[in-house]
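Colleague: Questions regarding the structure given below will be posed in turn.
The values are calculated or read from the model by the stated rules, or taken from the named source; none is laboratory data. From a predicted model like this one, the values you see are computed outputs, not experimental measurements. Because the Cβ atoms are built from the backbone with ideal geometry, glycine has one as well, and the counts that use them run over all protein chains shown.
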Amino acid sequence: MDKIADYLYVSRQLNERSAKNAAKFYDVKTVICNRPDGEEAGQPDFETVKQWLHESGVENVVYLPVTADSITAEQLQEFQETVAKSPAPILAYCRSGTRSALMWALNQAKRGVEVDSLIRAADLVSIDLTPMREKLEQAYTPSK
């Protein structure tokens, strides 16, 4: 689990232990699952992870599965709205953490944050968004 913004952690797939640790050691209040169920054999499904989180005291758990190459404007908006209205700290997870970081970065680019700084922020938590540079640049809206 790595902090990519003041209010947001990103993580790879949660297991029972990491779900409990998110609540206990990081005081996570909201979890967003960006991983589709059944993506990989042996992966715990969303309902199982949600149960672990609820047992640990995390009540606000959102299922927003995405695939990196087909993230829609609606999914980005739902992610941003969930982040805006949910108690922090927030944890977003997927298989490796990359999709969740990309969701955050695309929304930040739309708000005028420069692509290089977003790629650097992700790099600080060992996530490589350079393959997504073009997608981030397309989302970038310079501040006026």
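Colleague: Kindly provide the set of residues from the stretch 90-117 that are closer than 25 Å to D27 by Cα and more than 12 Å from the chain's Cα centre (by Cα), ordered by number.
Modeller: Scanning the stretch 90-117 gives a single hit, Q108.
Colleague: Does T141 satisfy the condition of being surrounded by fewer than 17 Cβ atoms within 10 Å (Cβ to Cβ) and among the β-branched types (V, I, T)? So that I can check it myself, show each step before the final result.
Modeller: Working: surrounded by fewer than 17 Cβ atoms within 10 Å (Cβ to Cβ): yes; among the β-branched types (V, I, T): yes.
Yes: the conditions hold for T141.
Colleague: Taking the criterion of being surrounded by fewer than 20 Cβ atoms within 10 Å (Cβ to Cβ), among the aliphatic types (A, V, I, L, M) and within 25 Å of N15 (Cβ to Cβ), would at least one residue in the stretch 108-122 satisfy it?
Modeller: So far as the stretch 108-122 goes, no, none of its residues is surrounded by fewer than 20 Cβ atoms within 10 Å (Cβ to Cβ), among the aliphatic types (A, V, I, L, M) and within 25 Å of N15 (Cβ to Cβ).
Colleague: I've got another one for you. Hey, among V10, V61, which residue is more than 17 Å from V125 (Cβ to Cβ) and of a type outside the set (S, T, N, Q)?
Modeller: V61
Colleague: Please determine whether any residue of the stretch 47-55 is among the aromatic types (F, W, Y), at pLDDT 95 or above and more than 13 Å from the chain's Cα centre (by Cα).
Modeller: Yes.
Colleague: Here's another thing I want to ask about it. State which residue is farthest from the chain's Cα centre (by Cα) when the search covers only the stretch 14-43 and only residues that are closer than 19 Å to P89 by Cβ and of a type in the set (S, T, N, Q).
Modeller: N21
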